[in-house]
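The values are calculated or read from the model by the stated rules, or taken from the named source; none is laboratory data. Predicted model only: the values in this text are computed from it and were never measured. Neighbour counts run over all protein chains shown; Cβ positions are idealised from the backbone, glycine included.
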Amino acid sequence: MTRGNEPSTARPGIILDRDGTLIDVVRDEETGTLSVAFHPNQVRFLPGVITGLQSLMAAGFTLAIATNQPGPAKGQFSRRAVERTHRALLDSLGEHGISIAALEACLHHPTGDPTGDAALIGDCDCRKPKPGLLLRLIENLALDPRATWMLGDSRADVDAARAAGVRSALIFSRDRCELCPLRGGPPGGPDVVAARFDDAVSRILELQGSRV
Ligand SMILES: [Mg+2]
Ligand SMILES: [Zn+2]
C-alpha cells in the first residue's frame, strides 16, 4: 500500500472503543442502573462484533483498543479489576482468532471521588475526547493515520479521532438510547454512522478497504 513517499511500514489501523462498542454495559436489574463491565464474567460481546473484527483482520487492519476507565478514580472498582477484565476480554477475542495489537486505557478522571485512587484524579492528556490514547497507539504500532479509523459509540470517540487526525465511525442506534447519557450527547461529525458494529465495519471496508 505504499503511496508516494509514505513509509512502507505504516499500517492501516482500527482503534476500538470498549464499552458500548465491543462489549455491552452491565444492567443492575434491582436498581435499573448501568455500569461498565469490571469483572471477567461481565464481558459480553455486542451483536456483530466478532464477525466484524474478523472481517477487519482479514482486510489487513491492525486492531487496537482505546478506552476511558475512570472507575478506579471514582472509587467504583480497583485498577486490578480493570486489568483482569481487560485480560478476559483479550483472551476471549483470542479464542475467536482475533488479535488486539495493543490496549490503552485512561484510568484518570478530572474530579474523581474522595473514595477513589488520588493518583488517578486530575487532568490528563489521554481521557477521550483528548487524543492521547490514540496518538500513543498510532506511534507505538506505526499506524498510518490516513488509513486509520476510530470506531466507537460516543461523541468523545468521534472528537478524539478528529483531534488525533484519523477518521471515525460511530455506532449509534436509537433503540439503545438508554446509553445516550453515557454517550455525551447527540452524534456529530463522524465519517460513518451505523446501527451495529458489523454495519460500521462494512462501511469502513467500502470506504477504505480498496486502499488497504
Ligand atoms: Mg463507549
Ligand atoms: Zn488519562
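Limited to the range 77-112, what total is found for residues that are crowded, with 17+ Cβ neighbours inside 10 Å, over 15 Å from the mean Cα position of the chain (by Cα) and within 16 Å of ligand 2 (Cβ to nearest atom)?
Result for the range 77-112: 3.
If you scan the range 77-110, which residues turn out to be in a loop (DSSP other than H, G, I, E, B) and over 25 Å from Met150 (Cβ atoms)?
Those that are in a loop (DSSP other than H, G, I, E, B) and over 25 Å from Met150 (Cβ atoms): Phe77, Ser78.
Which pairs do you get when a residue that is under 14 Å from His86 (Cα atoms), found in the range 11-24, comes within reach of a residue that is modelled with pLDDT under 95 and more than 9 Å from ligand 1 (Cβ to nearest atom), reach meaning Cβ atoms under 6 angstrom, with the pair 6+ apart or on two chains?
Partner pairs satisfying both residue conditions: none exist.
Could you grab the pairs with beta carbons closer than 7 Å, sequence gap of 6+ or different chains, first residue in the range 118-131 and more than 11 Å from Arg162 (Cβ to Cβ) and basic (Lys, Arg), second one away from ligand 1 (no atom under 15 Å from the Cβ) and not in a helix (DSSP H, G or I)?
The qualifying pairs are Arg127/His108.
Looking at the range 34-43, which of the residues that are in contact with a strand residue (DSSP E or B) (Cβ under 6 Å, 6 or more places away or on another chain) and in a loop (DSSP other than H, G, I, E, B) is nearest to Gly13 (Cα to Cα)?
Per the criteria, the residue is Val43.
Output the residue which, of all residues in the range 55-67 that are under 14 Å from Leu137 (Cα atoms) and among the polar types (S, T, N, Q), is surrounded by the most Cβ atoms within 10 Å (Cβ to Cβ).
Thr67
Say we look at the range 157-176 and pick out the residues that are within 14 Å of ligand 1 (Cβ to nearest atom) and surrounded by fewer than 20 Cβ atoms within 10 Å (Cβ to Cβ); which of these is modelled with the lowest pLDDT?
Only one residue fits best here, namely Arg176.
Do we have any residue at all in the range 22-44 that's among the aliphatic types (A, V, I, L, M) and in contact with a His (Cβ under 6 Å, 6 or more places away or on another chain)?
The answer is no, given that none of the residues of the range 22-44 is among the aliphatic types (A, V, I, L, M) and in contact with a His (Cβ under 6 Å, 6 or more places away or on another chain).
How many residues does the range 132-155 contain that are out of contact with any Asp or Glu (no Cβ under 9 Å at 6 or more places or on another chain), touching a residue at least 40 places away in the same chain (Cβ under 8 Å) and buried (at least 19 other Cβ atoms within 10 Å of the Cβ)?
Of the residues in the range 132-155, the ones out of contact with any Asp or Glu (no Cβ under 9 Å at 6 or more places or on another chain) are 139, 141-143, 145, 147-148, 155.
After this cut, where a residue has to be touching a residue at least 40 places away in the same chain (Cβ under 8 Å) as well, the list is 141-143, 147-148.
Checking the rest, the ones that are also buried (at least 19 other Cβ atoms within 10 Å of the Cβ) come to 143, 147-148.
Selection size over the range 132-155: 3.
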